[in-house]
Amino acid sequence: MKKYLIVIEPTQTGFSAYSPDLPGCVSTGRTREEVEENMREAIAFRLDGLREEGQAVPEPQTYSAYVELPA
């Protein structure tokens, strides 16, 4: 099983998300839960498409971290 990072950002109407490891793989949702599920489906669809086209499936390479600074 591979884990792809998704970045979730609030919008005026809900949330949007994208995966840095899969350019162009984006989705939206009214809630965080909805956008996460939509991204799960979008990533699966993208990977299936790559396989069908005979292209290599990219390995997940990005990660996230928080940096703490004094207030």
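The values are calculated or read from the model by the stated rules, or taken from the named source; none is laboratory data. This one's a predicted model, so the numbers in the text were calculated from it and none came from an experiment. Note: ideal-geometry Cβ built from the backbone for every residue, glycine included; neighbour counts use all protein chains shown.
Condition first: under 19 Å from MET1 (Cβ atoms) and part of a helix (DSSP H, G or I). Now tell me which residues in the stretch 24-48 satisfy that. Before you say what the answer is, go through the steps one by one.
Taking the stretch 24-48 as the starting set, the residues that turn out to be under 19 Å from MET1 (Cβ atoms) are 25, 36-37, 39-48.
Answer for the stretch 24-48, where residues must be under 19 Å from MET1 (Cβ atoms) and part of a helix (DSSP H, G or I): GLU36, GLU37, MET39, ARG40, GLU41, ALA42, ILE43, ALA44, PHE45, ARG46, LEU47, ASP48.
Being touching a residue at least 24 places away in the same chain (Cβ under 8 Å) and small (Gly, Ala, Ser) is the filter here; which residues of the stretch 39-71 pass it?
SER64
Please specify each residue of the stretch 34-45 satisfying the condition of being of a type in the set (Gly, Ala, Ser) and surrounded by 11 or more Cβ atoms within 10 Å (Cβ to Cβ).
Start the filter on the stretch 34-45 by keeping residues that are of a type in the set (Gly, Ala, Ser), which leaves 42, 44.
Of everything in the stretch 34-45, just one residue is of a type in the set (Gly, Ala, Ser) and surrounded by 11 or more Cβ atoms within 10 Å (Cβ to Cβ), namely ALA42.
Mind counting the residues in the stretch 13-23 that are in a strand (DSSP E or B) and not aliphatic (A, V, I, L, M)? Step through it out loud before you land on a result.
Narrowing the stretch 13-23 to residues in a strand (DSSP E or B): 15-18.
With not aliphatic (A, V, I, L, M) added as a condition, the list becomes 15-16, 18.
So the count comes out to 3.
So that you can scan it fast, the table gives a plain yes or no per residue for (1) more than 17 Å from SER64 (Cα to Cα); (2) touching a Ser or Thr at 6+ places or on another chain (Cβ under 9 Å); (3) surrounded by fewer than 11 Cβ atoms within 10 Å (Cβ to Cβ); (4) at pLDDT 95 or above:
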site: LYS3; (1), (2), (3), (4): no, no, yes, yes
site: ILE8; (1), (2), (3), (4): no, yes, no, yes
site: GLN12; (1), (2), (3), (4): yes, no, yes, yes
site: ALA17; (1), (2), (3), (4): no, yes, no, yes
site: LEU22; (1), (2), (3), (4): no, no, no, yes
site: THR28; (1), (2), (3), (4): yes, yes, no, yes
site: ARG32; (1), (2), (3), (4): yes, no, no, yes
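If you scan the stretch 46-65, which residues turn out to be closer than 17 Å to PRO20 by Cα and loosely packed, with under 11 Cβ neighbours inside 10 Å?
Here is the first cut: in the stretch 46-65, the ones closer than 17 Å to PRO20 by Cα are 46-47, 50, 56-65.
Listed by number, the residues that qualify are ALA56, GLU59, GLN61, TYR63, SER64, ALA65.
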